[in-house]
1. I need the full set of residues from segment 157-167 which are over 15 Å from GLY257 (Cβ atoms) and part of a helix (DSSP H, G or I), in order please.
2. Please list, ordered by first then second residue, the pairs with beta carbon atoms under 9 Å, 6 or more apart or interchain, first in segment 248-274 and of a type in the set (Lys, Arg), second in a loop (DSSP other than H, G, I, E, B) and away from the ligand (no atom under 16 Å from the Cβ).
3. From the list ALA373, ALA319, ALA346, ALA361, pick out the single residue that is modelled with pLDDT of 85 or more and surrounded by fewer than 19 Cβ atoms within 10 Å (Cβ to Cβ).
4. How many of the residues in segment 178-206 are surrounded by fewer than 21 Cβ atoms within 10 Å (Cβ to Cβ), closer than 15 Å to PRO50 by Cβ and not small (Gly, Ala, Ser)?
5. Just checking, does segment 37-45 include any residue being modelled with pLDDT of 95 or more, over 30 Å from LYS167 (Cβ atoms) and not assigned by TED's automatic domain parsing to the domain that holds ILE236?
6. Looking at this structure, is ASN332 more than 14 Å from the ligand (Cβ to nearest atom) and farther than 28 Å from LEU152 by Cβ?
7. Can you go through SER326, SER315 and tell me which one is within 15 Å of the ligand (Cβ to nearest atom) and either under 26 Å from the mean Cα position of the chain (by Cα) or closer than 30 Å to GLY257 by Cβ (or both)?
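The values are calculated or read from the model by the stated rules, or taken from the named source; none is laboratory data. Since this is a predicted model, take the numbers as computed values, not measurements. Note that we place each Cβ from the backbone using ideal geometry, even for glycine, and neighbour counts take in every protein chain shown.
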Amino acid sequence: MTISVKIIESGEGETRAQVFFGNQPPFELYVRASTTLSKLGDCWASIVLPVAMKLHQDIYVDGALSAEFVLSLDAIQDELLKGHPDFAKVAICAKSITRDSWKSKRTNRSKALFYSGGLDSTYSALTQGPELELIAVHGFDIYVHDRRHWSLTLDLLRKFSAHQKMKLVVVETNVRSFSDIYTSWGQDYFGSALAAIGMSLAEKYHEVLVSSGVPEKYTKWGAFQSLFKAYSNPSIKFTDDGIEPRTFKAHVVSDLGYAEYVRVCWKNLESRLNCGSCPKCIRTRFEFESGGNGAFPPGLDTPFSNLGLVKQPLSKIDAVILREDSRWLDMNHTPAPRGFRVSMFAARTLGVLKELPRKYAPKFLKTIYKLSAKKN
Ligand SMILES: [Zn+2]
């Protein structure tokens, strides 16, 4: 079967597409921004690609792809395959292939950074220079229907960009209403989603920075350094920035006086930028406590507790990041306390035990688990 993507005519700051799977009703997807968006299908092919590779289905784009993007598709798929052996290489055809239309305007384009208010992107914004513009996406870590939490977050992002005199471009998209059904956002998808949004903004930017969280030598999950390199082409470059451990980033951000601008939480609880109790809040609190200068992000100012860490089963990514943090502290002669190391080991053991049923359960049980997860 082939996944068909029909690009719909839309205004300057919007690109829309219908995604068809056989005879099912199409997914109606959009990307909207406070600036001009590309009308090429490169963005939409990138949005569909990890799903098509996971389902082993080819893609047909009823619209135009740029020749530059088409030439990079082989390398992109090779990179996605490295991290995802269950994916398969697929064919991508389009109604037409064109040379990119913004080449002549290249000198007018600038450089931007994906900015969520997280520790990684705040560090990159502070260290990569004031000439950067910031791109904030509503619909990625905060769902598009969660308007109240987005409004709270956007206030913080605007406060930071105004303080730094950096232009903030706001993008909104509902692509997760499609991708979450077939892929895991963290494990499979978000690198391609970031590249897709970058491509939709290629008339404005020649280079887009993506803040690193985890070195790819540990894991090639949804986003990693060589995937962004593969998504780069002569029309737009993606640069992975800030491979340094997060404890060091907390040290720099708090030293520069910007801890109060950091929001990291995945829970998106009402009226709270950081919940203070999820695994990401707990490890960020540890990073500021051990690397910072006494200032904390909102909601993370209560003391770090080893018991709090043990109560949260750690994912592989969380454990890798905390190990990198510990190494940085060792190198700086302020090793993490023994109690912390024991708690980290216990929390990761719980994480592995939690992952076992999902990894080794028969397929029908995994399907039931996914259905009940959706209901929740
Ligand atoms: Zn949290």
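1. LEU157, ARG158, SER161, ALA162
2. Listed pairs, sorted by first residue: LYS249/GLY242.
3. ALA346
4. 6
5. no
6. Yes.
7. Unique residue meeting the criteria: SER315.
So that you can scan it fast, the table gives a plain yes or no per residue for (1) in the same structural domain as LEU152 (by TED's automatic domain parsing); (2) within 9 Å of the ligand (Cβ to nearest atom); (3) in contact with a helix residue (DSSP H, G or I) (Cβ under 9 Å, 6 or more places away or on another chain):
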site: VAL262; (1), (2), (3): no, no, yes
site: LEU269; (1), (2), (3): no, yes, yes
site: CYS281; (1), (2), (3): no, yes, no
site: PRO297; (1), (2), (3): no, no, yes
